[in-house]
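Chemist: So that we are looking at the same thing, I have put the structure below in structure tokens.
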Amino acid sequence: RLRRSDGQYRWHLVQAVPVKDSSGNVIQWVGCTTDVHDQKLLQEKLEEETKVIKKSRQELHDFFMQAPAAMAIVTGSEYRITLANPVYEKLVGRKVQGKTVLEAFTKDEVTDFIPILDEVYRTGTPYIGNEFPLNISNETGEVEHHWVNFRYHPFRDAQHKITGIFAVAQDVTDLVLSRKIVEDNEARFRQIADAMPQIVWTARADGYVDWYN
């Protein structure tokens, strides 16, 4: 920082080279000074903005990794899983981050999902799947049957080009199995009631008969 005659301090870039005699002794210096005050202020502003961006990215990353929902980000035409939170990896029963979909899963496991990813990547239209059957091999190689609700949302770069897909999944296996138990019990009740020689019926509180054998 150099002070001008008006008392204002400004940033300067000072450069100098030595001039030597035939014996190699420095006899003088030749230098120049360039006012870089505006560039210096711009650099400081950019550095400050970079810190803010890095902080925001870190906060977003922390939120992503700590979210209660299973989430992953798939990028590129090869569908590489560039980010997957612990809930997602627990759901699928393996480490998948950094791998392509075909590297992380067997072909049978993703047969139904690859065409959906292709469609989202091609059209940019989000996909919503409810109670989708998912068969995943656990650490011992045993196939486990799950049902999941999942969402695929495309995300784009500054040129509005699709660069990846944001995936959110929720394991609803317990809900599906509970409903199946209720449906099986209801079916069993209907079978028994239909086989009885007596008239069997159910009615609402207002007297409306809503079922009979």
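The values are calculated or read from the model by the stated rules, or taken from the named source; none is laboratory data. Everything quoted here is computed from the prediction, not taken from an experiment. Neighbour counts are summed over all protein chains in view; Cβ atoms, including those assigned to glycine, are modelled from backbone coordinates with ideal geometry. Heads up: the accessible areas ignore ligands, DNA and RNA and are worked out on the full protein's heavy atoms, side chains in. Shrake-Rupley method; radii C 1.70, N 1.55, O 1.52, S 1.80 Å.
Chemist: Would you mind pulling out the separation of the Cα centroids of segment 89-122 and segment 145-178, in Å?
Modeler: The distance from the Cα centre of segment 89-122 to that of segment 145-178 comes to 11 Å.
Chemist: Which of Asp62, Asp108, Asp184 moves most in a GNM of the chain, Cα contacts under 10 Å?
Modeler: Asp184
Chemist: Ok, one more. Amide H of Val200 versus every other amide H placed in the peptide plane: which residues, excluding those fewer than 5 positions away on the same chain, fall under 5 Å?
Modeler: It is Asn213, by chain and number.
Chemist: Also, I was wondering about something else. Using the structure shown, list the pairs from Lys20/Lys40; Lys51/Lys95; Lys90/Lys180; Lys54/Lys161; Lys99/Lys180 with a Cα-Cα distance above 29 Å, or answer none.
Modeler: As for pairs spanning more than 29 Å Cα to Cα, those are Lys20/Lys40; Lys51/Lys95; Lys99/Lys180.
Chemist: If you don't mind, another one. Would you please give the residues with an amide H less than 5 Å from that of Ala70, counting only those at least 5 places away or on a separate chain, with H modeled from the backbone geometry?
Modeler: Counting only residues 5 or more places away or on other chains, the set is Ala169.
Chemist: With a 1.4 Å probe and all protein chains kept in place, how much accessible area does Ser23 have, in Å² rounded to the nearest 10?
Modeler: Here the accessible area works out near 90 Å².
Chemist: Now a separate question. Near Lys55, which lysines are there with a Cα under 16 Å away, not counting those fewer than 8 places off in the same chain?
Modeler: Within the straight-line limit of under 16 Å, Lys55 reaches these lysines: Lys45.
Chemist: With θ set to phi - 60° and the Karplus curve 6.51 cos²θ - 1.76 cosθ + 1.60, what are the ³J(HN,Hα) couplings of segment 93-106 in order, to the nearest whole Hz, using x for Gly and Pro?
Modeler: Values, residue by residue: x, 6, 7, 10, 4, x, 9, 6, 4, 6, 7, 7, 10, 6 Hz.
Chemist: What does the accessible area per residue of the chain come to in Å², with a 1.4 Å probe and no ligands, DNA or RNA counted?
Modeler: Value returned for the chain: 72 Å² of accessible area per residue.
Chemist: What is the percent carbon and sulfur in the accessible area of the chain, measuring with a 1.4 Å probe over the protein chains and ignoring ligands?
Modeler: 55 percent
Chemist: Hey, can you list the DSSP H helices of the chain whose Cα span along the axis is 18 Å or longer and whose average Kyte-Doolittle score is at least -1.0?
Modeler: Span-like helices in the chain: 173-195.
Chemist: How high is the relative contact order of segment 60-213, given as a whole-number percent (alpha carbon pairs under 8 Å, six or more residues apart)?
Modeler: Reported as a whole number, the value is 18 percent.
Chemist: Determine the dipole magnitude for the chain: charges of +1 sit on the beta-carbon of Lys and Arg, -1 on that of Asp and Glu, nothing else is charged, the reference point is the Cα centre, and the result goes in debye to the nearest 20.
Modeler: So the magnitude is around 1240 debye.
Chemist: Still on this structure, please answer the following. Using a 1.4 Å probe and ignoring any ligands, DNA or RNA, find the accessible area of Phe166 and quote it in Å² to the nearest 10.
Modeler: That residue has around 60 Å² of solvent-accessible surface.
Chemist: Enumerate the amide H contacts of Trp147 below 5 Å, restricted to partners 5 or more residues apart or on another chain; note that Pro and chain-start residues carry no placed amide H.
Modeler: Residues meeting the criterion, in which the H sits 1.01 Å from N, are Leu134, Val172, Thr173.
Chemist: In the chain, with Lys and Arg counted as +1 and Asp and Glu as -1 at Cβ, which of these residues, Val92, Ser23, His61, has the Cα nearest the positive end of the dipole, that is, farthest along it?
Modeler: Ser23
Chemist: Between (i) 21.9; (ii) 22.8; (iii) 24.1, which entry matches Kirkwood radius over Cα pairs in Å as derived from the coordinates of this structure?
Modeler: Of the listed options (i) 21.9; (ii) 22.8; (iii) 24.1, (iii) comes from this structure.
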